[in-house]
Amino acid sequence: MKKLLLPLSLVLLFLIESLLVQFMPANLFGDKVWVPRFLIITIFFLTIYGSAKHGIIYGLIFGLLFDIVFTEILGIYLFLYPLTAFIVLKIMKVLQVNLITTSVVSLIGVALLESAVYGMNRIIGITTIDFMSFLNMRLIPTLLLNAIFLIIASYPLKRNFEKFADRLRAD
């Protein structure tokens, strides 16, 4: 039963992100776009505190799922989810691992993900907005929303993934 808890939790976060975007009124914050990235933040915490292997694998799985459900082009999130998890892991290998550092680096990871998706969409021609508009309309509000999520969820995520790592070592 405990082996199913992690994948079910990640699926639940995937659904919560989707529902939050779908049911949030579009004009609630004017022209600002607030993108919840709770799933990738959780994958970052899994990669740092739990298991890097599991974090990268779940990044691949949910990146593919995200591509299938939400994007016209398969591969952007399939590539970027595990890549940003790997980059966050490498950054944390250099820094002292504590909750504040992990939270800040996770926000940097979200910024990298959002910027890379914007860059890909700009290259392909899906979006035509300039970088400053992207920064003001999407990146900053997204980072604020996800910072709020981190304030609420970072300690429980850390604690649960440390227990997960302990169970992996015990098996």
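Here the spin labels are modelled as points 7 Å beyond Cα on the Cα-Cβ line, and at Ile68 and Leu112 they lie 2.6 nm apart.
For a 19 Å ceiling on Cα separation, which of these pairs sit above it: Lys53/Lys158; Lys3/Lys93; Lys2/Lys90; Lys3/Lys53; Lys32/Lys158; Lys53/Lys93?
Listed pairs above 19 Å: Lys3/Lys93; Lys2/Lys90; Lys32/Lys158.
Treating r as the C-beta distance of Leu5 and Phe86 and R0 as 22 Å, the FRET efficiency rounds to 0.35.
Between Ala170 and Ile151, full extension at 0.36 nm per residue minus the direct alpha carbon distance yields a gain of 3.8 nm. Relative to the Cα centre, the charge distribution of the chain, modelled as +1 at Lys and Arg Cβ and -1 at Asp and Glu Cβ, gives a dipole magnitude of about 620 debye. Rounded to the nearest whole angstrom, the semi-axes of the ellipsoid equivalent to the chain, taken from the Cα gyration tensor as √(5λ), stand at 27, 17, 16, largest first.
Taking a span of 20 Å or more along the helix axis (Cα atoms) and a mean Kyte-Doolittle hydropathy of at least -1.0 as the rule, the DSSP H helices of the chain that qualify are 2-23, 52-70, 76-94, 99-124, 140-170. Given their separation in residues at 0.36 nm each and the Cα-Cα distance between them, Glu162 and Val33 gain 43.1 nm when the chain is fully extended.
With a Förster radius of 35 Å applied to the beta-carbon distance between Asp130 and Asn98, the computed FRET efficiency rounds to 0.40. Ignoring everything except DSSP H segments at least 4 long, calculate the 222 nm mean residue ellipticity for the chain; use -39,500 (n - 2.57) per segment, divide by total residues, nearest 500. Value at 222 nm, helices only: -25500 deg cm²/dmol.
Just so you know, all these numbers are worked out from the coordinates, no wet-lab data involved. Remember, predicted model here, so these are calculated numbers, not experimental data. All Cβ positions, glycine included, derive from the backbone under ideal geometry; neighbour counts span all protein chains shown.
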